[in-house]
Each structure stands twice: as C-alpha cells, then as structure tokens.
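Please read the structure below before turning to the comments.
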Amino acid sequence: MKIVFMGTPAFAVPSLKMLVEEGYDVVAVITQPDRPQGRKKTLMPTPVKEAALSLGLPVLQPERLRRPEAVAELAAYAPDLIVTAAYGQILPKSVLDLPRNGCVNVHGSLLPKYRGGAPIQRCIINGETVTGVTLMYMAEGLDTGDMISRVEVPIGDEDTAGDLFEKLSLAGRDLLKTEMPKLAAGRVEAVQQDDNEATYAPNLSRDDERIDWNAGSREIYNRIRGLVPFSGAFTLWNGETFKVWSAAKPADQQTAASKVPGTVLAVNERGVEVSTGDGSLLLTSVQPAGKKAMSAGDFSRGAAMSPGTVLG
C-alpha cells in the first residue's frame, strides 16, 4: 500500500516516523513551504521536512495544494492512502478522491469538539481538563469526517500548549499505529460525528494573545499557558508590548482586588503581581519590548516598573 504523508509541525513527526519504522511504504511527504523565521528572516524547513529528509523520503512543498499542478504531482505517486497530521491546508475534493483507501487525519481533539486549526491551544485557554486525539476520515468540511477511533488525554493543571502538543503527538502516533492494519486491509468501521455537539477552535489572532486584566486570575492563567511556547500572551506597558511567558498558578478562591484590574501591586524576586478581575496574578517570566524573556527575579533587579503602574 502506497502512503502519502502530509504534516508540518513537530506534532506530526512521531506519526511519520512510526509509519516508516513499522515498514509501511511512505512514497512521499507533503509539507508547507519553508518560511522565514527570526529577526534575520532565515528560511527554515518545517519539522516534518527535516524528519522526512533524514528518513530519505521525497518531499513536496506546494504553496497551495488545490492548484492543478500540485494535485497532478501528488497523483503521480498513485497513493492508496493519505495520512495527515496538522498539515495546515484544507484538502480539496480532487485530493480527497485520489486514494482508494481514503484520507485519514490525526486530529488533536476529541471530535466533534474543537474542530479547526488551534484545538490544543484553545482547550487550555478554555480551561479544559481532558482532551485527546481523534483519527478520522477526511471530508470536504472542516474536521467533519467520520471518526475511526479516539483516545483521551488528561490536561495537567500546569500543562502549557507545548506540553500538550507533545503528549497528543505521541498519543496520535500510538492511535494511528493501532488502526493502521485495519486501514491497510480496508476493514475500518467509522462513526458519524454529531454536528449538534460541535465546537470550533479557529487559528489564534493577535486579539487572542492580549491579556484582559478584567478577567479572573484563573482565566488569565489559562490564557498564558495556552500560548506557550508559541506566541506568548502580552499586555501593554508604557504603550509597548510586554510579553508574559509564565505565571504562578492562582489559588482556587480569589479575593476581589481593591485596585483597578491591570494595576501592578508588587515587583520583586517572586514576580510581578498584577490585579485582576477577581484578585491578583503573579507573573513569573516576562519579556519587555526589545529584550529577551527573563525570570521575574531578573526583571525586578533592573525594572523601571513600579507598584501603581497600570498595564493595558
């Protein structure tokens, strides 16, 4: 059985490696084009591209998979099965119809909840305690295909999005490994999703990254850890971006702060304490504009931030 694998971030790498290690015939890997990164805008390959090249696999990087020339290039490999994991583009019908055994996707949520491009970040931001991975057949809709199998994964109270990405990538690998013999034999029974239970997890915007100090301490804490280690959460200090990379877990019960939400209450070795809508939150790793991320202790020793400052 000829398999084409599609994926882009590190989340997809364990699934790709498993297919090769288990002896499946991965004839090509499709991933997003190299993108400029860092201040020098250096073109960087995707994690999946790096893994594929290390495994000696052909790599295709179409800018738009739906373009006829990209579909024709893929069709030349005559795949029997397409496996995707966080590829980053919606597969057009012309691609979905290519493999005789269909297209399956390793999706980082318990569908039909959290359909979309940012299910892992948003389940943490929303304060979920359990998520998981769904192996599903792909359809023309957004994560609407029939479900083959699911596995639950608990979310730790201090897990960041990065922690959860790693947990789910391994859970997805194991789930795919379990189901691959059935997929190869064409004996898979899939269950239709209940659209009435669907929720959505669209890609994150700049507004999603900004801290609303009027929210509760727990809500802000969840937002911060849901954005690490990717964009990070931010607020404004003196009109400039002030990023927050970690915070101390707030107490389960908060006492309403007497200060306006966003007011700095203390800056010391422990952290930057800021008033919230229901108490306060201790920021433990921060990044002022134009500087590297640092511990709150390092920040406090050279900070011009003083109690009474209002962050926005």
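The values are calculated or read from the model by the stated rules, or taken from the named source; none is laboratory data. Just so we're clear, the structure is a prediction, and the values are computed from it rather than from any experiment. Glycine gets a Cβ as well: all are built from the backbone with ideal geometry, and neighbour counts include every protein chain shown.
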Residue among SER285, SER306, SER231, SER258 that alone is in a loop (DSSP other than H, G, I, E, B), among the polar types (S, T, N, Q) and under 23 Å from ILE120 (Cα atoms): SER231
Qualifying residue in segment 67-84 (condition: closer than 24 Å to ASP208 by Cβ and among the hydroxyl-bearing types (Ser, Thr, Tyr)): no
Candidate set: segment 39-64, residues that are surrounded by fewer than 13 Cβ atoms within 10 Å (Cβ to Cβ) and basic (Lys, Arg); chosen: the one modelled with the lowest pLDDT: ARG39
Hey, TYR137 within 24 Å of VAL228 (Cβ to Cβ), crowded, with 17+ Cβ neighbours inside 10 Å and among the aromatic types (Phe, Trp, Tyr) or not: no
Verdict on THR235 being closer than 30 Å to GLN37 by Cα, surrounded by 19 or more Cβ atoms within 10 Å (Cβ to Cβ) and in contact (Cβ under 8 Å) with a residue 60 or more places away in the chain: yes
Any hit, segment 184-196, residues being closer than 23 Å to GLY162 by Cα and crowded, with 16+ Cβ neighbours inside 10 Å: no
Count of segment 229-260 residues which are touching a helix residue (DSSP H, G or I) at 6+ places or on another chain (Cβ under 6 Å) and within 26 Å of GLY117 (Cα to Cα): 6
Selected residue (only one of ARG100, ARG115 is at negative phi, of a type in the set (D, E, K, R) and in contact (Cβ under 8 Å) with a residue 60 or more places away in the chain): ARG115
Hey, ALA85 touching a residue at least 12 places away in the same chain (Cβ under 8 Å) and out of contact with any strand residue (DSSP E or B) (no Cβ under 8 Å at 6 or more places or on another chain) or not: no
Hey, PRO36 in contact with an Asp or Glu (Cβ under 9 Å, 6 or more places away or on another chain) and either loosely packed, with under 13 Cβ neighbours inside 10 Å or part of a loop (DSSP other than H, G, I, E, B) (or both) or not: no
Test: residue in segment 189-207 that is more than 30 Å from ARG100 (Cβ to Cβ) and more than 28 Å from the chain's Cα centre (by Cα): no
ASP212 at negative phi and out of contact with any Pro (no Cβ under 9 Å at 6 or more places or on another chain): no
Residue check for VAL272: of a type in the set (Val, Ile, Thr), in contact with a Phe, Trp or Tyr (Cβ under 8 Å, 6 or more places away or on another chain) and either surrounded by fewer than 21 Cβ atoms within 10 Å (Cβ to Cβ) or at negative phi (or both): yes
Checklist (1) touching a helix residue (DSSP H, G or I) at 6+ places or on another chain (Cβ under 8 Å); (2) free of Cβ contacts under 8 Å to residues at least 24 places away in the same chain; (3) not basic (Lys, Arg) applied to ALA185, failing item: (1)
Output for segment 152-183, where each listed residue is closer than 20 Å to THR84 by Cβ and within 17 Å of the chain's Cα centre (by Cα): VAL153, LEU164, PHE165, GLU166, LYS167, LEU168, SER169, LEU170, ALA171, GLY172, ARG173
Test: GLY290 is out of contact with any Gly (no Cβ under 7 Å at 6 or more places or on another chain) and at pLDDT 95 or above: no
Positions within segment 1-33 being part of a strand (DSSP E or B) and among the small types (Gly, Ala, Ser), in sequence order: GLY7, ALA28
Pick from segment 48-67, criterion part of a helix (DSSP H, G or I) and touching a residue at least 12 places away in the same chain (Cβ under 8 Å), ranking: farthest from VAL29 (Cα to Cα): ALA51
Some residue of segment 156-175 being part of a strand (DSSP E or B), in contact with a strand residue (DSSP E or B) (Cβ under 9 Å, 6 or more places away or on another chain) and surrounded by 13 or more Cβ atoms within 10 Å (Cβ to Cβ): no
